[in-house]
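The structure appears below as C-alpha cells.
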Amino acid sequence: MIKTTTNIREIAKIAGVSVASVSRALKSEHSTKLSEKQRQHILDICARLHYCPNEHTRRLFSRRANTAAIFFPPFGKISEDMVEDYIDMNFGACLMGVQSALRAHGIDLLLTEITPEFVESKRYLSMIRGKLLDGILLWGTMEQDEYVQEILQEEIAVVMFQTRKASCECSMVTADDYTGMKQLTRRVLAAGHRKIAVARAPQEASTGRNRMAGILDTLAGNGIRPEYVTAQAGYGYQFGKRAACEILEHAPDVTCIMNSNDMAAFGCIDELLSRGFSIPGDLSVTGADGLKLPGRGIRIDSFFSPAFEIGKRGAEELFNQISGNTVPQSICLPVTPVEGETIRDLNLLQRNEK
C-alpha cells in the first residue's frame, strides 16, 4: 500500500537537504540556489514516495492561485449551428496558443462558459474575490456584456481576445480584420466584379463591425455601392445558406457574394450548388478566417486569422500583468491573404470574348 502521509520535512531529511531546497525543487521555475543534480535527486525521491505538495497550502503562502480562466460565451450565442459540424476553429486554435504559453509559466487554465445563470449569479465575482484566479482571458465579448466592467473593477489581470470594447481599459489582442477584408475586397474588384452582394456580419462585436467596414469602405473608395446587403446577420453555415437565398431573391444579377466568414461561405456555396449554380463559374464567393475543412474539395478566397498567435500573445500579456511587469496594451496582429478558387476573373473572361 502506498503511503500518502509523507510531508516535506521527511523528503528533506531523506534527501539530506533543507526544507527550502525541497520547496525550490518543486517549483516550475528553476532556482539558481539549487543545482540541476540536486533538483533531480529531490524530485526522484518525491516520485518514489508519491509526494506532492499540498496545493491549498502552497497557494496560501505564495498568494497565487497559479490558475487563469478563459471566459467564453455559449456557442449558440455566436451562431446557431457553430457546433453542428465544426466547433469554432478559431477558438480551438486560440486555446492551444493560450495553453502553450501558460504551461511554460506553470499556470493552469480553467475553461468557463458565460451562461446566463453564471452571469446572473455573479459567479465571476466569487471566483475573483475567493482568490481562485490570478487572471482572466475574455473571448468573444459582445458590446452588451455588462459583466466585463464589473470584472475590470476588481483590479484583476484581464486580457480580451478577438474582439475589443472601446469602453474597456484592459489589454486586447485581436486580428486586423479590417485590413484583411479591405485586401479581399480589392481582389474582388481587381477581378472585374462590380455587382457585389454582402452577407452581413453581426455588429454586436468589433470583429463583425471591422469586417463590414473593410468591405463597405473599399467599395465606397472605388465609387461602388453594394448591390445588396442582407437584412439578417450571422457567421455560421446555416446563416450562409439563408443569406444566399435572400440575395438571389433580391439581387439575382450579382456576380460575387462576400460572406462574414468561411463557415457562412461554405453554407452559401452549398445552397448555390443545390440550385444549379457553379462556383466560381456562375457566382464568385469569398469568406474570412482561412479555414481549410476536411472533405472540402474547394478552397475559399479568404484571409487567415492568426488565432493561435492571438492566444499565445494574449496569455503572455496576461502573465506579464500577473507578474506586475506591464501596463494594459492593445495588440493587433496582421492577417494573411488566402488565395483560393472561388473568385472568377471577369476581366479575363471579357478579354477572351473579344
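FYI, it's all coordinate maths here, none of it is from the lab. Since this is a predicted model, take the numbers as computed values, not measurements. Counting neighbours? That spans all protein chains shown, and the Cβs are built from the backbone with ideal geometry, glycine included.
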Study note, to complete from the structure: Per its Cα gyration tensor (rounded if a/c is under 1.5, else prolate when a/b beats b/c, else oblate), the chain is best filed as prolate
Review point. For Asn325 and Ser274 in one chain, what is 0.36 nm times their gap in residues minus the Cα-Cα distance, to one decimal in nm?
Key: 12.8 nm
Exercise for review: Please name whichever of Pro328, Val148, Ser302 sits farthest to the positive end of the charge dipole of the chain, dipole taken about the Cα centre and charges placed at Cβ: Lys and Arg +1, Asp and Glu -1.
Suggested key: Pro328
Revision key, fill the gap. One computes Rg over Rh for segment 114-259 from alpha-carbon atoms, with the Kirkwood Rh, and obtains 1.10
Review point. Taking +1 at the Cβ of each Lys and Arg and -1 at the Cβ of each Asp and Glu, which of Gly16, Leu26, Ala47 sits farthest along the dipole of segment 8-53 towards its positive end, judged by Cα position relative to the Cα centre?
Key: Gly16
Check your understanding: How high is the relative contact order of the chain, given as a whole-number percent (alpha carbon pairs under 8 Å, six or more residues apart)?
Key -> 18
Review point. Per the Cauchy relation, a quarter of the hull surface: what is the mean projected area of the convex hull of the alpha carbons in segment 174-297, in nm²?
Key: 7.3
Practice item. Compare Val17, Val158, Val98 in a GNM of the chain, Cα atoms joined below 10 Å, and give the one with the largest fluctuation. Key: Val17
Exercise for review: Take every DSSP beta bridge with both residues inside the chain and express the antiparallel ones as a percent of the total, to the nearest 5.
Suggested key: 10
Review point. Magnitude of the Cβ-charge dipole of segment 8-53, K/R +1 and D/E -1, about the Cα centre, nearest 20 debye?
Key: 100
Check your understanding: So, with +1 on the Cβ of K and R and -1 on the Cβ of D and E, and no other charges, what is the size of the charge dipole of the chain about its Cα centre, to the nearest 20 debye?
Key -> 1520
Check your understanding: Under a point-charge model restricted to the Cβ atoms of Lys and Arg (+1) and Asp and Glu (-1), what is the dipole moment magnitude of segment 119-223 relative to its Cα centre, in debye to the nearest 20?
Key -> 720
